[in-house]
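The values are calculated or read from the model by the stated rules, or taken from the named source; none is laboratory data. Fair warning: this is a prediction, and the values are worked out from it, not measured in the lab. Note: ideal-geometry Cβ built from the backbone for every residue, glycine included; neighbour counts use all protein chains shown.
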Amino acid sequence: MPISTSKAEKRLIAAEARAIRARRLLEVGCFKGKTTAVLSRVAHENDGYVVAIDPMRWSSRPANMPEWIDMVLHPFSYERAFWRNVSREGYPERVHLERGLSTDEGLVYSGAPHLREFDFVFIDGEHLYDAVLADFENWGRRVRAGGKVLFHDCVGRFPEVIAAVRDIVEEGSLRYCVRWPEAATIAVLEVLEPSTGNDKTATAGDRTREDSHPLD
């Protein structure tokens, strides 16, 4: 069981970002930088940047045995491995690392220009219901119209991730299309219009995609 995104997932992430020519990309929970490197290549192609939010140390309960093993073997910072992977496989000059939790108030409310709006957000932080919702509220809602929010591990062994994404879809204050995972484990939320308040409507096509989750 991998503790990072698979090769197929990395290809999907890159394709989704390239499809909208994303320049301002954000990754919540980047671990040792393998996916960050992929996003940095997209940023390089479009003369953009990647913001990577991660405390650079284990700060949540591991989700599986490989993660438990890694936490025991590497109890301190994994930032050196992060930059090594980004340098080998991507463009470190395109990456802005924010060392901290995605819920840190100093980060959420910083007002820094590079954090105000994004074209593409990949959420792969803590896989608990409240944490996924918080990451969407704090960061997913900063995606501009025409952009995308991707959620990793939206599959049966992480039911709280699925529940959070379902509730985001149901709440519907953004107009969107949602695509549930097929071959990979990534759900894709396409933002069609910016937030307009508590609008719980969705098009018939969107509802069909929502109802077609493979666990239904």
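Being under 17 Å from residue 25 (Cα atoms) and touching a Phe, Trp or Tyr at 6+ places or on another chain (Cβ under 7 Å) is the filter here, so list the residues in the stretch 92-134 that pass it.
First, the residues of the stretch 92-134 that are under 17 Å from residue 25 (Cα atoms): 92-99, 102, 107-108, 111-125.
Scanning the stretch 92-134 gives 92, 94, 96, 102, 114, 121, 123.
Among the residues of the stretch 117-127, is there at least one that is surrounded by fewer than 21 Cβ atoms within 10 Å (Cβ to Cβ) and at pLDDT 95 or above?
For the stretch 117-127, residues surrounded by fewer than 21 Cβ atoms within 10 Å (Cβ to Cβ) and at pLDDT 95 or above: present.
I'd like the full set of residues that are under 15 Å from residue 90 (Cα atoms) and touching a Lys or Arg at 6+ places or on another chain (Cβ under 8 Å), limited to the stretch 1-16.
Answer for the stretch 1-16, where residues must be under 15 Å from residue 90 (Cα atoms) and touching a Lys or Arg at 6+ places or on another chain (Cβ under 8 Å): 10, 14.
I'm trying to understand the selection: among the residues of the stretch 152-188, which are at pLDDT 90 or above and either closer than 17 Å to residue 10 by Cβ or part of a strand (DSSP E or B) (or both)?
Result: 152, 153, 154, 155, 179, 181, 185, 186, 187, 188.
Say we look at the stretch 135-148 and pick out the residues that are among the small types (Gly, Ala, Ser) and assigned to a strand (DSSP E or B); which of these is surrounded by the most Cβ atoms within 10 Å (Cβ to Cβ)?
It comes out as 147.
Would you be able to say whether some residue in the stretch 44-54 is modelled with pLDDT of 95 or more, farther than 30 Å from residue 156 by Cα and exposed (fewer than 15 other Cβ atoms within 10 Å of the Cβ)?
Step one: list which residues in the stretch 44-54 are modelled with pLDDT of 95 or more, which gives 44-54.
Adding the requirement that they be farther than 30 Å from residue 156 by Cα leaves 44-49.
From what is left, the residues that are exposed (fewer than 15 other Cβ atoms within 10 Å of the Cβ) are 47.
Looking for residues that are modelled with pLDDT of 95 or more, farther than 30 Å from residue 156 by Cα and exposed (fewer than 15 other Cβ atoms within 10 Å of the Cβ), one finds at least one in the stretch 44-54, hence yes.
Starting from the stretch 72-86, take each residue that is farther than 11 Å from residue 34 by Cβ and among the hydroxyl-bearing types (Ser, Thr, Tyr) and list its partners that are surrounded by 14 or more Cβ atoms within 10 Å (Cβ to Cβ) and modelled with pLDDT of 70 or more, counting only C-beta distances under 8 angstrom and pairs at least six apart or across chains.
Close Cβ pairs (under 8 Å, with a partner that is surrounded by 14 or more Cβ atoms within 10 Å (Cβ to Cβ) and modelled with pLDDT of 70 or more) amount to 77/56; 78/31; 78/32; 78/56.
Among the residues of the stretch 149-161, how many are surrounded by 19 or more Cβ atoms within 10 Å (Cβ to Cβ) and either in contact with a helix residue (DSSP H, G or I) (Cβ under 6 Å, 6 or more places away or on another chain) or of a type in the set (Val, Ile, Thr) (or both)?
Count: 5.
What number of residues within the stretch 1-28 satisfy the criterion of being within 24 Å of residue 177 (Cβ to Cβ) and crowded, with 16+ Cβ neighbours inside 10 Å?
16
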